[in-house]
Amino acid sequence: MHPYPLSEIGGRLRARREARGLSLRALASHLRMSASALSQIETGRSQPSVASLYEICRELGLPLDSLFGGDQVPVQRARSRRALELESGVTWELLTTTADGEVDFLYVSYPPDSCSSEGLLDHDGREYGLVLDGELAVTTPRAEWVLGPGDAIFLDSTAPHRLRNDGAMPVHAVWVVLH
């Protein structure tokens with residue numbers, strides 16, 4: 001795994017914001033965050049939360065996997081995956097070598113006591129997850145499920161949801177998000 005430099009991700013976000021003609025303050029206002037917090041994300045001095053990253057990408061019309069860049073080779077070797085560690089300690093590793101605006105194919109890790117967001121989060125698309133090890137709690141307004149090794153789930157991402165690891169062991173899963 002190769003942690004992806006936050007400054008590169010922040011730089012891609014800044015470049016997209018500027019290409020869309022948005023000032024830092026205007027985008028921050030749309031996102032209901034301070035311009036200072038957004039600036040720290042764009043300069044790589046701060047790790048975004050899952051919720052913040054999805055919101056920024058949604059507001060900029062930017063596919064999440066485009067933040068990772070990529071090669072034009074079809075094989076993604078385990079030792080060279082690009083990874084993004086988020087504020088909560090959750091790690092996303094891109095399982096493809098190229099960005100695909102229609103799908104995010106991710107290996108996700110949730111350390112003990114970590115979560116995708118503080119509250120329920122919604123974003124564009126649909127997502128499919130397969131837990132490889134550990135136990136992952138999935139919460140929606142209507143229900144909560146605890147997924148163990150081999151369990152899979154489908155979520156309409158436009159409905160509020162939250163993923164969290166309440167256990168003492170890390171959770172590893174494969175996640176696919178269709179836009």
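Restricting to the range 49-74, count the residues that are outside any helix (DSSP H, G or I) and modelled with pLDDT of 85 or more.
Counting residues in the range 49-74 that are outside any helix (DSSP H, G or I) and modelled with pLDDT of 85 or more gives 1.
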message: Please verify whether Arg79 is assigned by TED's automatic domain parsing to the domain that holds His161, part of a helix (DSSP H, G or I) and not hydrophobic (A, V, I, L, M, F, W, C), treating the condition exactly as stated.
response: yes
- prompt: Which one of these is among the small types (Gly, Ala, Ser), surrounded by fewer than 17 Cβ atoms within 10 Å (Cβ to Cβ) and touching a Leu at 6+ places or on another chain (Cβ under 9 Å): Ala78, Ala35, Ala51?
  reply: Ala35
message: Of everything in the range 37-66, what is without any contact (Cβ under 8 Å) to a residue 60 or more places away in the chain and aliphatic (A, V, I, L, M)? Give them in sequence order.
response: Ala37, Leu38, Ile41, Leu53, Ile56, Leu60, Leu62
message: Restricting to the range 38-48, and then to whatever is among the hydroxyl-bearing types (Ser, Thr, Tyr) and touching a Lys or Arg at 6+ places or on another chain (Cβ under 9 Å), can you tell me which residue is surrounded by the most Cβ atoms within 10 Å (Cβ to Cβ)?
response: Ser39
statement: Among strands (runs of 3 or more DSSP E) entirely inside the range 99-179, those with 3 or more residues being under 15 Å from the mean Cα position of the chain (by Cα) and at pLDDT 95 or above are 103-110, 126-133, 162-165, 171-178
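The values are calculated or read from the model by the stated rules, or taken from the named source; none is laboratory data. Values in this document were obtained by computation on a predicted structure and should not be read as measured data. As a convention, Cβ positions derive from the backbone with ideal geometry for all residues, glycine included, and neighbour counts pool all protein chains shown.
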